[in-house]
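Student: This is the structure I have questions about; it appears just below.
The values are calculated or read from the model by the stated rules, or taken from the named source; none is laboratory data. If you're wondering where the values come from, they're calculated on a predicted model, not measured in any experiment. Here the Cβ positions follow ideal geometry from the backbone for every residue, glycine too, while neighbour counts run over all protein chains shown.
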Amino acid sequence: MTLVTFVLTRVLPGSPIDQIASPMSTPAQRHALMVHYGLDRPLWEQYATYILGIGRGDLGTSFTTSQPVARDLERFFPATLELTTAAIVIATVIGVPLGLCGAVRRGSWVDHLVRIVAVVGVALPIFWLSLVLIYLMFYRWHLLPAPIGRLSPRITPPRVITGLLLIDSLLGRDGVAFADAAGHLLLPVTVLAFAAVAPLARITRTSTLDVLSSPHVQATRALGIPWRSIVWKYAFRNAMLPVLTMLAIVYGFLLGGSVLVETLFAWPGLGRYAFNAISGNDYPAVQGFILYATLIYIAIFILVDVLYAVLDPRVQT
Amino acid sequence: MLEVQDLTVTFHTGRGTVTALHGVDLTLPTGRVTGLVGESGCGKTVTALAVMRLLRPPGEIRGGRVLLGGQNLLALSEREMDRVRGARIAMIFQQPRASLNPVFPVAAQLTHVLRLHRGLSGRAAWAEGEALLARAQLPRPERVMRAYPHQLSGGMCQRVMIALALACRPSVLLADEPTTALDVTVQLQIIELLKSLQQELGLTVLLITHDLGLVAEMCDFVSVMYAGRIVEAAPVSALFRRPLHPYTRGLMASRMRAGSRALPAGIPGRIPDLHQMPAGCPFHPRCPLAQGLCAERDASPETVDGGDPAASGAARMVRCHFWGRGVA
Ligand SMILES: Nc1ncnc2c1ncn2[C@@H]1O[C@H](COP(=O)(O)OP(=O)(O)OP(=O)(O)O)[C@@H](O)[C@H]1O
Ligand SMILES: [Mg+2]
């Protein structure tokens with residue numbers, strides 16, 4: 001994995017030296033910089049150095065921020081975590097009940113709504129939706145603070161405990177900071193959640209319909225257990241298993257989507273960091289980001305596996 | 001006594017509406033075992049599901065009555081029906097493992113129905129659940145209570161289903177091919193269990209099966225179904241001695257040769273597609289006795305005197321224009 005990323009970043013056109021060196025610098029000066037950063041060495045040697053560094057927790061130094069990449073990632077991670085987690089929570093809270101209602105009242109207006117949401121959610125580009133929302137909510141109606149960053153400049157940030165502003169401001173009993181942070185979160189979270197609601201509602205609807213027409217639901221009905229109990233006590237649990245897997249997939253998708261959303265909303269998170277790194281040919285930063293994203297992915301899938309084992313006795317732990 | 005009268009069921013499919021049951025009549029005398037036989041796809045399962053009111057769209061009951069103790073089940077509300085299902089009529093299915101919820105232990109549903117229909121409290125329900133499992137001859141019921149379906153064998157799953165079905169002392173049991181999916185040795189054990197429970201509890205049983213040997217062994221009466229119609233009904237002894245309908249005779253002949261699930265070798269052709277039902281009697285394209293009339297008009301049910309002292313003169317029914325011609 002690291003090898004693929006490594007090779008890819010080197011093969012793509014452009015050099016980080018273009019960013020660091022001034023346009024006026026002589027070829028000799030440029031060469032000195034190359035030597036300084038080790039970019040004159042053979043690729044395999046650069047790779048070996050990099051891998052050895054990872055072993056020590058050293059992901060190299062970013063060309064753009066001049067900071068150790070590991071520290072950058074750590075610094076930007078909470079912003080992304082807060083954004084994507086809020087989005088997935090909201091998408092779940094809306095999407096899963098929608099899908100359930102659609103399945104239970106198949107053919108009703110809720111069901112049609114679910115299907116419309118599923119189509120619209122996929123069709124509306126995040127980019128377009130963001131601009132429309134920013135225009136309406138901030139520019140036109142002044143309902144929300146300027147869509148820049150996580151807090152307004154005049155607000156004192158709460159003391160960092162978790163790095164998640166909503167939680168830190170609550171812990172510090174700082175209502176003003178909380179409200180401002182929530183106001184900043186609202187739009188980017190809405191945009192991301194909007195994209196995530198569709199797949200969640202759809203998988204919930206499909207898996208619930210599947211379960212409700214399964215032989216064991218029929219057998220349970222044959223025992224005289226009322227339909228409501230069957231749906232909420234028994235079938236719900238069966239239906240949630242595929243939803244759990246979908247949640248992990250959607251979360252990964254949100255991490256990807258955060259690159260665009262964070263750039264649009266000047267959100268100081270990993271996504272924007274990655275975007276800047278890629279456009280600046282900042283090899284160590286790009287590699288570090290991909291490594292980090294992979295680790296987050298793996299962590300999420302492990303979490304889902306654990307939940308799965310709790311919900312499904314067939315999974316051996 | 002459970003009586004099914006003129007039961008008609010349709011399915012709305014992409015290719016139009018098909019009629020799966022055409023005015024089915026069925027009588028299950030109290031405390032007796034009635035067999036329902038017929039080729040795959042003739043409507044046996046649909047009949048049982050319709051009696052339980054378990055059909056879901058695209059299936060729809062279009063007419064008829066299901067009388068249990070004089071009460072028409074088809075006229076009940078869904079809530080009233082929930083008090084009939086499990087408590088007065090129960091059903092067991094062909095795929096025992098698939099009929100149990102994979103993510104709940106056996107105890108979950110067992111204690112649930114006991115609380116629901118018999119008003120037992122938590123602890124009493126648990127004790128009664130274990131007793132029921134023991135009665136279904138499951139070894140170590142206290143462990144089976146906590147087991148999940150995937151930890152049980154197919155035969156054990158069917159025993160659990162039987163325990164569940166009989167938990168609330170229903171008077172009628174509909175058994176839809178309860179042994180088809182099981183190994184031969186296990187089949188025999190389950191049949192023995194059903195037989196002993198039937199006698200012990202005086203259950204009224206509808207036994208759906210392909211296996212005429214099983215019918216001969218277990219049933220008192222039998223109805224033969226073809227393409228959604230009952231074509232012959234008789235006491236078992238009378239039917240085996242002298243099958244009247246040409247379809248029944250074909251089934252009997254094929255039993256000698258083929259296994260229980262194979263197409264009846266004694267009958268040429270196959271069961272018609274519900275979308276392309278032949279006019280007249282649905283069996284006429286395959287029937288050795290067919291004449292012009294058969295393609296024009298379906299026969300109506302005809303009551304025949306058993307003519308058989310062994311069957312104590314019990315009446316039997318046959319639905320064929322020319323049944324008399326082929327009978328020896
Ligand atoms: N959900 C459905 N949609 C459309 N048609 C159906 C549906 N369920 C059953 N049918 C039709 O009803 C007919 C009777 O089916 P049924 O399952 O009762 O047969 P069966 O006698 O139980 O067969 P088997 O011995 O294979 O269990 C079939 O021909 C089938 O085409
Ligand atoms: Mg069947």
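Student: Could you identify the single residue in A:Arg140, A:Arg237, A:Arg221 that is more than 14 Å from chain B (Cβ to nearest Cβ) and of a type in the set (D, E, K, R)?
Tutor: Values: A:Arg237 fails: more than 14 Å from chain B (Cβ to nearest Cβ); A:Arg221 fails: more than 14 Å from chain B (Cβ to nearest Cβ).
The unique qualifying residue is A:Arg140.
Student: Output the residues belonging to the range B:202-211 that are in contact with a Leu (Cβ under 7 Å, 6 or more places away or on another chain) and away from ligand 2 (no atom under 16 Å from the Cβ).
Tutor: B:Leu203, B:Thr204, B:Val205
Student: Can you tell me how many residues in the range A:146-168 are under 22 Å from the mean Cα position of the chain (by Cα) and either on the phi > 0 side of the Ramachandran plot or surrounded by 16 or more Cβ atoms within 10 Å (Cβ to Cβ) (or both)?
Tutor: 10
Student: Let me ask something else about it. Of all residues in the range B:44-81 being more than 16 Å from ligand 2 (Cβ to nearest atom), hydrophobic (A, V, I, L, M, F, W, C) and closer than 30 Å to B:Ile271 by Cα, which is surrounded by the most Cβ atoms within 10 Å (Cβ to Cβ)? Before you say what the answer is, go through the steps one by one.
Tutor: Residues of the range B:44-81 that are more than 16 Å from ligand 2 (Cβ to nearest atom), as a first pass: B:53, B:57-58, B:60-81.
Then keep just the ones that are hydrophobic (A, V, I, L, M, F, W, C); that gives B:61, B:66-68, B:73-76, B:81.
So of that shortlist, the ones also closer than 30 Å to B:Ile271 by Cα come out as B:61, B:66-67, B:74.
On the way: B:Ile61: 18, B:Val66: 23, B:Leu67: 15, B:Leu74: 17.
Per the stated criteria, the residue is B:Val66.
Student: Among residues belonging to the range B:164-175 that are part of a helix (DSSP H, G or I) and crowded, with 24+ Cβ neighbours inside 10 Å, point out the one that is nearest to ligand 1 (Cβ to nearest atom).
Tutor: Filtering the range B:164-175 for residues part of a helix (DSSP H, G or I) gives B:164-166.
Restricting the remaining residues to those that are crowded, with 24+ Cβ neighbours inside 10 Å gives B:164-165.
Details: B:Leu164: 21, B:Ala165: 18 Å.
So the residue we want is B:Ala165.
Student: Residue check, B:Pro57 against (1) within 19 Å of the chain's Cα centre (by Cα); (2) under 28 Å from A:Leu241 (Cα atoms); (3) within 14 Å of ligand 1 (Cβ to nearest atom), all met but one. Which one?
Tutor: (1)
Student: Any idea which of B:Thr8, B:Thr17 is in a strand (DSSP E or B), crowded, with 16+ Cβ neighbours inside 10 Å, hydroxyl-bearing (Ser, Thr, Tyr) and in contact with a strand residue (DSSP E or B) (Cβ under 6 Å, 6 or more places away or on another chain)? Talk me through it step by step, then tell me what you get.
Tutor: Numbers: B:Thr17 fails: crowded, with 16+ Cβ neighbours inside 10 Å.
Of B:Thr8, B:Thr17, the one residue that is in a strand (DSSP E or B), crowded, with 16+ Cβ neighbours inside 10 Å, hydroxyl-bearing (Ser, Thr, Tyr) and in contact with a strand residue (DSSP E or B) (Cβ under 6 Å, 6 or more places away or on another chain) is B:Thr8.
Student: Select from the range B:109-129 the residues that are within 13 Å of another protein chain (Cβ to nearest Cβ) and of a type in the set (A, V, I, L, M) and list them in ascending order.
Tutor: Once the filter is applied, which keeps residues that are within 13 Å of another protein chain (Cβ to nearest Cβ) and of a type in the set (A, V, I, L, M), the range B:109-129 yields B:Leu110, B:Val113, B:Leu114, B:Leu116.
Student: A further question follows. When B:Arg53 is evaluated against the numbered criteria (1) at pLDDT below 95; (2) within 14 Å of chain A (Cβ to nearest Cβ), which criterion, by number, is the only one it fails?
Tutor: It is condition (1) that B:Arg53 fails.
Student: Suppose we keep only residues that are more than 10 Å from chain A (Cβ to nearest Cβ) and touching a Phe, Trp or Tyr at 6+ places or on another chain (Cβ under 9 Å) within the range B:56-89. Which one would you say is farthest from B:Ser237 (Cα to Cα)? Let's see the steps before the verdict.
Tutor: The initial filter retains those residues of the range B:56-89 that are more than 10 Å from chain A (Cβ to nearest Cβ), namely B:58-77, B:80.
Checking which are touching a Phe, Trp or Tyr at 6+ places or on another chain (Cβ under 9 Å) leaves us with B:58-60.
Values: B:Pro58: 38, B:Gly59: 35, B:Glu60: 35 Å.
So, considering only residues that are more than 10 Å from chain A (Cβ to nearest Cβ) and touching a Phe, Trp or Tyr at 6+ places or on another chain (Cβ under 9 Å), the one farthest from B:Ser237 (Cα to Cα) is B:Pro58.
Student: Mind listing whichever residues of the range A:246-293 are aromatic (Phe, Trp, Tyr), surrounded by 21 or more Cβ atoms within 10 Å (Cβ to Cβ) and either under 23 Å from A:Val306 (Cβ atoms) or outside the structural domain of A:Ala91 (by TED's automatic domain parsing) (or both)? Reasoning before the result, please.
Tutor: At the first step, the residues of the range A:246-293 found to be aromatic (Phe, Trp, Tyr) are A:251, A:253, A:265, A:267, A:273, A:275, A:283, A:289, A:292.
Checking which are surrounded by 21 or more Cβ atoms within 10 Å (Cβ to Cβ) leaves us with A:251, A:265, A:267, A:273, A:283, A:289, A:292.
Within the range A:246-293, A:Tyr251, A:Tyr292 qualify.
Student: Within the range B:149-172, count every residue that is within 16 Å of ligand 2 (Cβ to nearest atom) and more than 15 Å from A:Gln218 (Cβ to Cβ).
Tutor: To start, the set of residues in the range B:149-172 that are within 16 Å of ligand 2 (Cβ to nearest atom) comprises B:158, B:161.
With more than 15 Å from A:Gln218 (Cβ to Cβ) added as a condition, the list becomes B:158.
Result for the range B:149-172: 1.
Student: Just to be sure, is B:Leu36 facing another protein chain (nearest Cβ under 9 Å), outside any loop (DSSP other than H, G, I, E, B) and within 16 Å of ligand 2 (Cβ to nearest atom)? Full working, then the answer.
Tutor: Values: facing another protein chain (nearest Cβ under 9 Å): no; outside any loop (DSSP other than H, G, I, E, B): yes; within 16 Å of ligand 2 (Cβ to nearest atom): yes.
Spelling it out, it is not the case that B:Leu36 is facing another protein chain (nearest Cβ under 9 Å), outside any loop (DSSP other than H, G, I, E, B) and within 16 Å of ligand 2 (Cβ to nearest atom).
Student: Got at least one residue in the range B:90-108 being more than 16 Å from ligand 1 (Cβ to nearest atom) and more than 14 Å from chain A (Cβ to nearest Cβ)?
Tutor: no
Student: Take the range B:32-63 and flag every residue that is in contact (Cβ under 8 Å) with a residue 60 or more places away in the chain and among the basic types (Lys, Arg).
Tutor: Those that are in contact (Cβ under 8 Å) with a residue 60 or more places away in the chain and among the basic types (Lys, Arg): B:Arg32, B:Lys44.
Student: How about the range A:228-245: which of its residues are within 13 Å of A:Thr208 (Cβ to Cβ), of a type outside the set (Val, Ile, Thr) and surrounded by fewer than 21 Cβ atoms within 10 Å (Cβ to Cβ)?
Tutor: Matches in the range A:228-245: A:Trp232, A:Phe236, A:Arg237, A:Leu241, A:Pro242.
Student: Continuing with the same structure: Can B:Pro178 be described as within 16 Å of ligand 1 (Cβ to nearest atom) and of a type outside the set (Phe, Trp, Tyr)? Steps first, answer last, please.
Tutor: Numbers: within 16 Å of ligand 1 (Cβ to nearest atom): yes; of a type outside the set (Phe, Trp, Tyr): yes.
In short, yes.
Student: OK, next. For B:Gly41, work out the one condition from (1) surrounded by fewer than 21 Cβ atoms within 10 Å (Cβ to Cβ); (2) modelled with pLDDT of 95 or more; (3) within 15 Å of ligand 1 (Cβ to nearest atom); (4) of a type outside the set (Asp, Glu) it doesn't fulfil.
Tutor: Looking at each condition in turn, B:Gly41 falls short on (2).
Student: Would you mind telling me which numbered condition in (1) closer than 20 Å to B:Pro29 by Cα; (2) modelled with pLDDT of 85 or more; (3) surrounded by 14 or more Cβ atoms within 10 Å (Cβ to Cβ) B:Met277 fails?
Tutor: (1)
Student: Right, here's the next one. In the range B:26-35, how many residues are within 26 Å of B:Glu80 (Cβ to Cβ) and buried (at least 18 other Cβ atoms within 10 Å of the Cβ)?
Tutor: Count: 3.
Student: Look at B:Leu138 and say whether it is more than 16 Å from ligand 1 (Cβ to nearest atom), within 23 Å of the chain's Cα centre (by Cα) and over 23 Å from A:Ile230 (Cα atoms).
Tutor: Numbers: more than 16 Å from ligand 1 (Cβ to nearest atom): yes; within 23 Å of the chain's Cα centre (by Cα): no; over 23 Å from A:Ile230 (Cα atoms): yes.
Here the answer is no, as B:Leu138 does not meet what is asked.
Student: Suppose the filter is under 19 Å from A:Ile249 (Cβ atoms) and either of a type in the set (Ser, Thr, Tyr) or in the same structural domain as A:Leu264 (by TED's automatic domain parsing) (or both); does A:Gly99 pass it?
Tutor: On the way: under 19 Å from A:Ile249 (Cβ atoms): yes; either of a type in the set (Ser, Thr, Tyr) or in the same structural domain as A:Leu264 (by TED's automatic domain parsing) (or both): yes.
Taking the combined requirement at face value, the residue satisfies it.
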